[in-house]
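What follows draws every value from the coordinates through simple rules; no lab data is involved. From a predicted model like this one, the values you see are computed outputs, not experimental measurements. Neighbour counts run over all protein chains shown; Cβ positions are idealised from the backbone, glycine included.
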Amino acid sequence: METKALIRRRILELRDGMDAEERERKSSLIAGRVMDHPAFKEAACILCYASYKSEADTFSLMGHALAMGKKVFCPKVHGKEMEFYRIFAMDDLKKGYKGIREPRGEGERLFTPGMAAEEKCLMVMPGSVFDRDRNRIGYGGGYYDRYLAGHAGIATVAVCFDMQVLEKVPSDVYDRKPDMVLTERGIYI
């Protein structure tokens, strides 16, 4: 079996090769599927990555959540760790770690484990490759695996293009599976 790094490189090359119009169309379908899902509709808090480069776009999803009055939190990298901070508008996001748009890291905006205990929360997470059993290959930093290990009680949905879902990918004991993987074509539970 190929290593995670080789699988990641191969699939990201394919994703990077998708034309902009196709990416936009599929991203719109993915956002619609997320917004139609009961986990999104019922969640008071949405923890969502800010899409970067050729990832499935999440900005319309975040904008919709904000317009619905949901609390939206985005990740900010601090060294080897990541925390989520609340945004009130899309322009709260500025270029940060590796050029990815991040929120300001202000203490009063910090998402805390207590919030997940008090309100329904849904995390929309990225990944480079998934399989039909929801195993996930991230981008190699382990940020989401470490974050989820310390923050129980948050429902998770990974969003990606269907071309990023393979039959089987290698996984390790520390890898965190999302509760579901949602693509433009369907959902893997």
For this session: Report the extension gain between ALA20 and ASP179 in nm, rounded to one decimal, defined as 0.36 nm multiplied by the number of residues separating them, less their alpha carbon distance.
Result: 54.4 nm
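Where does the chain land on the Kirkwood hydrodynamic radius, alpha-carbon pairs, in angstrom? All intermediate terms of the calculation are to be shown ahead of the outcome.
Details: mean 1/r = 0.0601 Å⁻¹.
Result for the chain stands at 16.6 Å.
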Exercise. For segment 25-119, what does the equivalent ellipsoid look like in terms of its semi-axes, each the square root of 5 times an eigenvalue of the Cα gyration tensor, given largest first in whole Å?
Worked result: 20, 18, 11
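Once you list every other residue whose beta carbon is under 14 Å from the beta carbon of CYS121, what net charge do they have if Lys and Arg are +1 and Asp and Glu are -1? Kindly include the intermediate steps, with their values, before the conclusion.
Values: positive: LYS41, LYS70, LYS71, ARG86, LYS120; negative: GLU42, GLU118, GLU119, ASP179.
In short, +1.
Evaluated at 25 °C with a viscosity of 0.890 mPa s, what Stokes-Einstein diffusion coefficient in µm²/s does segment 75-160 have when Rh comes from the Kirkwood expression over alpha-carbon pairs? Don't skip to the end; give the middle numbers.
Numbers: Rh = 14.1 Å.
Translational diffusion coefficient: 175 µm²/s.
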Problem set entry | Angle in degrees between helix 4-16 and the longest Cα principal axis of the chain, rounded to the nearest 10 | 80
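Full-extension gain between THR112 and ASP145, please, as 0.36 nm times their residue separation minus the C-alpha to C-alpha distance. The partial results should precede the final answer.
Values: separation 33, 0.36 × 33 = 11.88 nm, distance 1.67 nm.
Length gained between THR112 and ASP145: 10.2 nm.
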Exercise. Rounded to the nearest 0.05, what FRET efficiency do LYS120 and LYS98 have when you use their Cβ-Cβ distance and R0 = 45 Å?
Worked result: 0.90
Problem set entry | Residue order, fewest to most beta carbons within 10 Å, for MET35, MET62, MET82 | MET35, MET82, MET62
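Please report the projected area of segment 34-87's Cα convex hull averaged over all directions, in nm². Present the calculation step by step, with values, prior to reporting the outcome.
On the way: hull surface 16.8 nm².
Its average projected convex-hull area is 4.2 nm².
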For this session: Please state, as a whole number in µm²/s, the translational diffusion coefficient that the Stokes-Einstein equation yields for segment 6-67 at 20 °C and 1.002 mPa s, with Rh defined as the Kirkwood radius across alpha carbon pairs.
Result: 167
Exercise. What's the exposure ranking of GLU167, GLU22, going from fewest to most Cβ atoms within 10 Å?
Worked result: GLU167, GLU22
Problem set entry | Rounded to 10°, Cα long-axis angle of helix 20-36 versus longest principal axis of the chain | 50
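Express in % the proportion of alpha carbon pairs of segment 58-109 at distances exceeding 19 Å. Kindly include the intermediate steps, with their values, before the conclusion.
Values: 296 of 1326 pairs.
Result: 22 percent of Cα pairs exceed 19 Å.
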Problem set entry | Fewest-first ranking of LEU6, LEU148, LEU47, using other Cβ atoms within 10 Å as the exposure measure | LEU6, LEU148, LEU47
Problem set entry | Per-residue ³J(HN,Hα) for segment 92-104, Karplus 6.51 cos²θ - 1.76 cosθ + 1.60, θ = phi - 60°, Hz, x for Gly and Pro | 6, 9, 10, 4, x, 3, 6, x, 6, 6, 10, x, 5
